[in-house]
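Here the structure is laid out as structure tokens; the discussion comes afterwards.
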Amino acid sequence: MTTKTYAEVWDLDVFFKGGSSSPELRAHLETLKTKLESFEKQLSSFSVPQSGSEAEKIVSIIDEIKQVAENLTQAGAVVGCYLAQDTTDSQAKLLQGEIGSIGARFSSSMLIVQQQLSKTADSVWAELMKSKELNEFSFVLNEWRDEAKELLSEKEEDMITALGVDGYHGWGQMYDLLVGEVKVRVTVDGEEKEFSVGQASNLSSHSDPTVRKESFEALENAWTEKEDFFAKTLNHMAGFRLAVYKKRGWDSVLKEPLHTNRMKQETLDAMWGAISANKGPFVKYLKRKAEILGTDQMNWHDLDAPVTASTQKVSFQEGAEFILKHFGKFGPELEAFSRKAFEDEWIEAEDRPNKRPGGFCTGMPLSEQSRIFMTYSGTMSNVATLAHELGHAYHSYALRPVHWMNRRYAMGVAETASTFAEMIVADAAVKEAKSADEKLALLEDKIQRSVAFFMNIHARFLFETRFYEERKNGFVPANRLNELMEEAQREAFGDGLGEVHPHFWASKLHFYITSVPFYNFPYTFGYLFSLSIYAKAIEEGSSFEEKYIALLRDTAIMSVEDLAMKHLGEDITQHAFWEKGIALCVQDVEEFLELTSSKG
Ligand SMILES: [Zn+2]
């Protein structure tokens, strides 16, 4: 059998020919604006429904919304790809700004729809939701209506949005500017060089301990020097958020992120509770790793240090074949879908300059296609990333038969399909490792994920909740932020750390993302939720795929509690559910401890 050669560069021309200066794209944007105007016009005569027979009226508004949203997403996704493949594409930057303002206009109109629906009398609403036209959208429509009820008047919300551009979001952009200014000098391979924050952070996994320590200290010093600027930025962002919450009468800072993730507080508490009760094995892992590295305790700057000198390389073609082979064992549809993604050039993986770092998957709804972006440099962890992004694309594929309204899943479940796919590949890689060193490196790669989700992200969550509590009483200065972060890290890492990273609050972009508050716990949720699905899939074999697709199809039309109950028969407000996923991760640690028992 000859293996196929898959392209390492994606095809974007099938959407709009000619890249960021494409006349087709220009025409598309004009069409989009026309559609938005038509929606706005229809909206001006859209009034509060007065009787259950007005379902048609709402259906036609939904249709307008769908058209604008799909055209907008299509344009935004393609332009996002242009920028990712070439960060110097200035035309694409202009387009991004243009699409951004169309998006803002669309959001304001959406808010009006929500406000009108929220004013509908309860009895009329109940009748509407029972109608055959609207019944399938009832979850989302109820959500819109409930959300609007929690908001202030249209006028007030409009003003908050308008002031947020130069206030709230302005501070978020200030952060990007500040970080861009930070440069540090580190000696690598006997030569002192200047590094950006991103480059210096990448040195955390360097094989030379001096480089790791030096880059960590250089960064800590740089954050210390500018800590007042970062503290001011963070405090104003949080202050803005808290002021809005107070006006709306919201007492908990978690109200918004929990609602967005369609999750109950009990679920979140059960998840962190189960994690907190199971830190022991991971602390043991940290201790063992410190022993292997020859230090008496685990220090922050050594967390990403490699434990072996394993350097096995996998070509892109080999990586692709590896993924397809193992996907096939879990589901024929997942395999067939992914093969098509490779064949149809959906993936941008080439290692070349001017690409942005990281990986993502984005969907083009008008074409029912996705695109995957990453930089493939031949490591097994690149193969896992590729599988991860294919998982995201598969989620979109599973949702194809579903109406646009019912496709908009939240961040927590967004990582379900991706983590599932990544797990298949990461597990297979450990099993098929060609040497003991290789096996250890791959196993550690898996454990690192658990440490990130159970410890690092837990620290972010603890820090953020405590910081918000203190911020309610006034400005929280840099030295107090350092203390809060240190406490959070000591607690979240189960006292398994020597040196901590007090300025982590300044270094982590996630605290400064204005579009999504609490950009942390949904990651851990997605990871553990997906692991329990993975455990079921192992039990049931490839026949599980049908059930898996059914679950993915429901990800945007019910709460996470209902989703788990319906498709997994599990009550996720209880510790027991979370313990099962954690147990799988503990197995990795046990294997690691066994393999390294002579190395300590
Ligand atoms: Zn992902």
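The values are calculated or read from the model by the stated rules, or taken from the named source; none is laboratory data. The model shown is predicted, which means the values in this text are computed figures rather than measured ones. Note that each Cβ is placed from the backbone with ideal geometry, even for glycine, and that neighbours are counted across all protein chains shown. Heavy atoms of the whole protein, side chains included, go into the accessibility calculation; ligands, DNA and RNA do not. Shrake-Rupley method; radii C 1.70, N 1.55, O 1.52, S 1.80 Å.
Filter region 394-403 for residues that are away from the ligand (no atom under 11 Å from the Cβ) and buried (at least 19 other Cβ atoms within 10 Å of the Cβ); which is farthest from LEU134 (Cα to Cα)? Even if it seems obvious, please write down each step before you answer.
Let us first name the residues in region 394-403 that are away from the ligand (no atom under 11 Å from the Cβ), namely 394, 396-403.
Filter once more, keeping what is buried (at least 19 other Cβ atoms within 10 Å of the Cβ): 394, 396-399.
On the way: TYR394: 27, SER396: 23, TYR397: 24, ALA398: 22, LEU399: 19 Å.
My answer is TYR394.
Might you let me know whether region 335-356 holds any residue that is open to solvent by 10 Å² or more (accessible area, probe 1.4 Å), farther than 24 Å from ALA414 by Cβ, in contact with a Lys or Arg (Cβ under 8 Å, 6 or more places away or on another chain) and in contact (Cβ under 8 Å) with a residue 24 or more places away in the chain? Yes: one or more hits.
In region 408-427, is there at least one residue being under 30 Å from GLN114 (Cβ atoms) and away from the ligand (no atom under 14 Å from the Cβ)? Break it down stepwise before answering.
The first filter runs over region 408-427 and keeps only residues under 30 Å from GLN114 (Cβ atoms), leaving 408-418.
Of the ones still in play, those that are also away from the ligand (no atom under 14 Å from the Cβ) are 408.
Yes, there is a match, as at least one residue in region 408-427 is under 30 Å from GLN114 (Cβ atoms) and away from the ligand (no atom under 14 Å from the Cβ).
Just for helices (runs of 4 or more DSSP H) wholly inside region 523-600: which have at least 1 residues that are farther than 30 Å from LYS289 by Cα and touching a residue at least 12 places away in the same chain (Cβ under 8 Å)?
Values: elements: 545-553, 560-568, 575-595.
Qualifying helices (runs of 4 or more DSSP H): 545-553, 560-568.
Could you check region 329-353 and list, in sequence order, the residues that are over 19 Å from THR87 (Cα atoms) and not in a helix (DSSP H, G or I)? Walk me through it before giving the result.
Step one: list which residues in region 329-353 are over 19 Å from THR87 (Cα atoms), which gives 329-346.
The answer is GLY331, ASP344, GLU345, TRP346.
The residue of region 575-598 that is modelled with the lowest pLDDT, among those that are over 18 Å from GLU266 (Cα atoms) and open to solvent by 70 Å² or more (accessible area, probe 1.4 Å), is SER598. Of SER450, SER381, SER377, SER367, all but one fail to be free of Cβ contacts under 8 Å to residues at least 60 places away in the same chain and of a type in the set (S, T, N, Q); the exception is SER377.
The residues of region 16-61 that are of a type outside the set (Gly, Ala, Ser), open to solvent by 20 Å² or more (accessible area, probe 1.4 Å), part of a loop (DSSP other than H, G, I, E, B) and under 26 Å from GLY363 (Cα atoms) amount to a single one, LYS17. As a summary of the residue check, VAL9 satisfies the conditions (1) out of contact with any Leu (no Cβ under 7 Å at 6 or more places or on another chain); (2) closer than 22 Å to GLY363 by Cβ; (3) not in a loop (DSSP other than H, G, I, E, B) except for the one numbered (3). Summed over region 534-556, residues that are at pLDDT below 95, open to solvent by 30 Å² or more (accessible area, probe 1.4 Å) and in contact with a helix residue (DSSP H, G or I) (Cβ under 7 Å, 6 or more places away or on another chain) total 4. Per the listing LYS439, LYS446, the residue uniquely open to solvent by 30 Å² or more (accessible area, probe 1.4 Å), part of a helix (DSSP H, G or I) and farther than 30 Å from LEU177 by Cα is LYS439.
Condition (residue is modelled with pLDDT under 95 and either over 30 Å from GLY331 (Cα atoms) or crowded, with 23+ Cβ neighbours inside 10 Å (or both)) applied to region 462-473: is it met by at least one residue? Steps first, please.
Our first condition is that a residue be modelled with pLDDT under 95; within region 462-473, this holds for none.
No, region 462-473 contains no residue that is modelled with pLDDT under 95 and either over 30 Å from GLY331 (Cα atoms) or crowded, with 23+ Cβ neighbours inside 10 Å (or both).
When only residues in region 186-204 that are over 16 Å from HIS301 (Cα atoms) and not polar (S, T, N, Q) count, which is least open to solvent (accessible area, probe 1.4 Å)? Even if it seems obvious, please write down each step before you answer.
To start, the set of residues in region 186-204 that are over 16 Å from HIS301 (Cα atoms) comprises 189-196.
Checking the rest, the ones that are also not polar (S, T, N, Q) come to 189-195.
Working: ASP189: 138, GLY190: 77, GLU191: 105, GLU192: 104, LYS193: 87, GLU194: 107, PHE195: 27 Å².
Across region 186-204, the extreme among qualifying residues is PHE195.
Among the residues of region 358-391, the ones that are farther than 19 Å from ARG408 by Cβ, within 11 Å of the ligand (Cβ to nearest atom) and open to solvent by 10 Å² or more (accessible area, probe 1.4 Å) come to 5 in all.
Among the residues of region 557-574, the one identified as at pLDDT below 95 and either touching a Gly at 6+ places or on another chain (Cβ under 7 Å) or small (Gly, Ala, Ser) (or both) is GLY569. Scanning region 506-521 for residues being assigned to a helix (DSSP H, G or I) and under 22 Å from GLY164 (Cβ atoms) gives a total of 4.
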